[in-house]
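What follows is one structure encoded as structure tokens, with my remarks underneath.
The values are calculated or read from the model by the stated rules, or taken from the named source; none is laboratory data. None of the values given here were measured: they were computed from a predicted structure. We place every Cβ from the backbone using ideal geometry, glycine too, and count neighbours over all the protein chains shown.
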Amino acid sequence: MFQIRLIVVLILTLVFLPGTLAAQPASSDAGQYVILSAQYGTARHYVDVTNRLKELARQDRTFRMSNNTFGTDPDPGQVKTLRIYTRGPNGQERMFEYREGSTVDGSQFRSWGSGDWGKGGWKGGWEGGGYEPQPEMTAAIQHLREAQQNLESASRDKGGHRVKALQYIKQAIAEVEAGIQYDNTHQSKGEGRKH
């Protein structure tokens, strides 16, 4: 009797296994668009968040986007947007745009969870092509904004040093942004391009 049950179970397994496998959702890394770059902010002030997006993609296929997601607020008081610049299967570039508070679903992006993307080939800025990426400069802005948020959250009694540090950070942010703008509009002659 046991052998008959075993045979029936094996036959049913063989009959239903292909249908079960076909019904499984596609891999989260099977999308058709390869990510080139990710920018977060507004047209006026934005930062490169490609590396942070890779971290988020490794954790989950979907996430809700906010300033806390990226650890920065590049344009305080304004509604921000995440722009993901991609290359499709036909080689054409395409931008995906997500407003602050919306959900990002990585299933349409190839290698989403593995983070095997964003490694070059992107020369664009907020509006698309044109500028060479400046990852170190944009990372510096992110770190300065994080420091700014930390100082703003600190207790007020610091003998005036907290306020002075906030002023210096605001000045440093303005200088880094000016440096990015300068680099975007000038070609360096004989100068090594270090970002």
Which residue is nearest to Y46 (Cα to Cα), if the candidates are limited to segment 82-100 and must be in contact with a Lys or Arg (Cβ under 7 Å, 6 or more places away or on another chain) and assigned to a loop (DSSP other than H, G, I, E, B)?
E100
Here is a list of conditions, (1) more than 30 Å from I169 (Cβ to Cβ); (2) modelled with pLDDT of 80 or more, and G120 meets all of them except one; can you say which number that is?
(2)
For segment 53-89: of the residues being of a type in the set (G, A, S) and touching a residue at least 12 places away in the same chain (Cβ under 8 Å), which is nearest to A139 (Cα to Cα)?
G71
Counting only residues that are outside any helix (DSSP H, G or I) and surrounded by 11 or more Cβ atoms within 10 Å (Cβ to Cβ), which one in segment 150-174 is farthest from the chain's Cα centre (by Cα)?
K158
Are any residues in segment 153-175 touching a Leu at 6+ places or on another chain (Cβ under 7 Å) and hydrophobic (A, V, I, L, M, F, W, C), and if so, which ones?
A165, L166, I169, A172, I173
I'd like to verify a number: residues in segment 51-94 that are within 13 Å of Y33 (Cβ to Cβ) and more than 13 Å from the chain's Cα centre (by Cα), how many?
8
Being modelled with pLDDT under 85, more than 26 Å from K170 (Cα to Cα) and out of contact with any Cys (no Cβ under 7 Å at 6 or more places or on another chain) narrows it down to one residue among R94, R110; which is it?
R94
Can you list residue pairs whose Cβ atoms sit under 8 Å apart, with the first residue in segment 102-116 being farther than 12 Å from I84 by Cβ and the second being surrounded by 15 or more Cβ atoms within 10 Å (Cβ to Cβ) and polar (S, T, N, Q)? Count only pairs 6 or more apart in sequence or on different chains.
S107/S28; G113/S28
